[in-house]
1. Using the Cα centre as the reference, give the magnitude of the dipole from point charges on the C-beta atoms of the chain (Lys, Arg: +1; Asp, Glu: -1; all else neutral), rounded to the nearest 20 debye.
2. Can you pull out the trypsin sites (Lys or Arg not before Pro) in the stretch 45-111 that DSSP calls coil and that have at most 11 other Cβ atoms within 10 Å?
3. Return the loop-located GluC sites (Glu not before Pro) in the stretch 1-73 (DSSP other than H, G, I, E, B) with at most 13 other Cβ atoms within 10 Å of their own Cβ; answer none if there are none.
4. Assuming 0.36 nm per residue, please report the length gained on full extension of the stretch Asp97 to Lys16 beyond their Cα-Cα distance.
5. For Cα extents along the principal axes in Å, pick the label among [x] 44, 36, 27; [y] 52, 27, 23; [z] 48, 39, 19 that corresponds to the value derived from the coordinates.
6. Suppose only helical runs count, i.e. DSSP H with n ≥ 4. What mean residue ellipticity at 222 nm does that imply for the chain under -39500 (n - 2.57) per run, divided by all residues and rounded to the nearest 500 deg cm²/dmol?
7. Provide the FRET efficiency to the nearest 0.05 for the Met41-Val90 pair, computing r from the beta carbons and using R0 = 22 Å.
Amino acid sequence: MSEPHTQQLLKTATEKEEAPYNAADPEQVGQRKAKARTRDMLVSEGLRRTMSTMEGRAFMYELLDFCGTGRNPFSTHSNTMSFNAGMQNVGQKILTDIFAAKLEDEWLLMSKEAK
């Protein structure tokens, strides 16, 4: 994707809505769906670029590890456990995006490189 094209897509995907949203209006629903598809495409492309380099995979591994992905969030302190669960939720969102972008091979490579 060219940089100016990407910048235009990002602008379109992140523009704030001026008028109230009417879910009964098919045109507005279509616009929201198109905007969501654009955002999803940008996230997938960003992940694809990040996971395409050894440095990007190392960063992603550290981020997922920092989030506690794959660990038990349990703590005897309820606030700590809530915090841990929130951190894990972020990591799970990132993992979901990685697999939604069909980057399973890159994820496996990242896991092998981290050992």
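Just so it is clear, none of the values below were taken in a lab; they were calculated from the coordinates. The shown structure was predicted, so the numbers you read here are calculated from the model rather than taken from an experiment. Note that each Cβ is placed from the backbone with ideal geometry, even for glycine, and that neighbours are counted across all protein chains shown.
1. 160 debye
2. Answer in residue order: Lys102.
3. Glu15, Glu17, Glu18
4. Additional length available on full extension: 26.8 nm.
5. Checking each listed value against the structure points to [z].
6. -24500 deg cm²/dmol, from helical runs alone.
7. Efficiency computed from Cβ-Cβ geometry: 0.55.
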